[in-house]
Every structure is written in structure tokens, then in C-alpha cells.
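Before any comments, here is the structure.
Rule-based calculations on the coordinates, nothing more; no lab input. Predicted model, so just to flag it, every value in this text is computed and none were measured. Cβ sites come from the backbone with ideal geometry, for glycine too, and all protein chains shown count toward neighbours.
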Amino acid sequence: MKIDHIGIATQRLEDGLAIWRDALGLTVQETEEVAEQRVRVAMLPIGDTRVELLEPTTPDSAVGKFLAKRGPGIHHIAVKVQDINASLAELKEKGARLIDETPRIGAGGCLVAFVHPTSTHGVLLELVQHP
Ligand code: CO
């Protein structure tokens, strides 16, 4: 298993890019809007993983609410899995509280599903299965 990416909430992508791209020297792999999650996303590879900057497109999106409540910061950690449905079933069986019972489409056309932080010791967990 690998850390697929670390999601970081920012008010504007440019705020995050000023550090991760301009000061640290990472390269933006892609920028896209994920309509279903109401965010704009910038992906910056770093080693085996990526930094995912998240800018809400509406204040009432999950990331918008996170920013209003807690300010910018680490929003989630995403783990790459081979079979997202199998992983979800396993987590559910072990008592984890799933935000997504079934996967949805995330950045890069991946299948993604979130596990509630109340069952992961305060860390919002995203499962990612690449196409
Ligand atoms: Co993510």
C-alpha cells in the first residue's frame, strides 16, 4: 500500500501553490475541478506520493465547511487500494464509519470513498482506486 496523496485545504489554490510550487519547487501535475465534491484540485507529485491542494468552489462544500471551522490545513490522507469495494467492506465489517458506502468519482477519474474521522482517530481517510 501507498499514500496516494495528502489533501490540504486552502482558501485559494494560489495560496498553497505559493509555498508548495513556488517556494518548495514542486511541479503541478494537473489542476482540475471535481464538480461532485465542489472543489478545485491541484496535484503536485512529491516522491512516491502527491500533495493535493483543495480549494472549495462553494462555501457549503465539505472543504468549504472545513475551512470555515478549522482554517487551512491538512484535510485528509488518501491511501491507494487495489479493490476499493473490498476495502470498504472490510472497514465496515471492522466497525469503521463510512462516509461513502459506495465509491464515487474523484480527481483523475479515480474511484474514491471517505471514512469518517470519528473512526480513524481524527484523520479523514480517503481510499483511492486508480482506473
Ligand atoms: Co483527496
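At a glance:
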read-out: Selected residue (criterion: surrounded by the fewest Cβ atoms within 10 Å (Cβ to Cβ)) from residues of the range 110-131 that are of a type in the set (Gly, Ala, Ser) and either in a loop (DSSP other than H, G, I, E, B) or within 13 Å of the chain's Cα centre (by Cα) (or both); value: 122
read-out: The range 1-20, subset closer than 9 Å to residue 53 by Cβ and buried (at least 18 other Cβ atoms within 10 Å of the Cβ), residue farthest from the ligand (Cβ to nearest atom); value: 17
read-out: Where residue 94 falls short, out of the listed (1) touching a residue at least 40 places away in the same chain (Cβ under 8 Å); (2) more than 18 Å from residue 129 (Cα to Cα); (3) loosely packed, with under 12 Cβ neighbours inside 10 Å; value: (1)
read-out: Condition check for residue 80: within 17 Å of residue 127 (Cβ to Cβ), within 12 Å of the ligand (Cβ to nearest atom) and in contact with a strand residue (DSSP E or B) (Cβ under 8 Å, 6 or more places away or on another chain); value: yes
read-out: Single condition residue 22 does not satisfy, out of (1) more than 14 Å from the chain's Cα centre (by Cα); (2) under 18 Å from residue 131 (Cβ atoms); (3) charged (D, E, K, R); value: (2)
read-out: Selected residue [charged (D, E, K, R), touching a residue at least 40 places away in the same chain (Cβ under 8 Å) and surrounded by fewer than 19 Cβ atoms within 10 Å (Cβ to Cβ)] from 80, 65, 69; value: 80
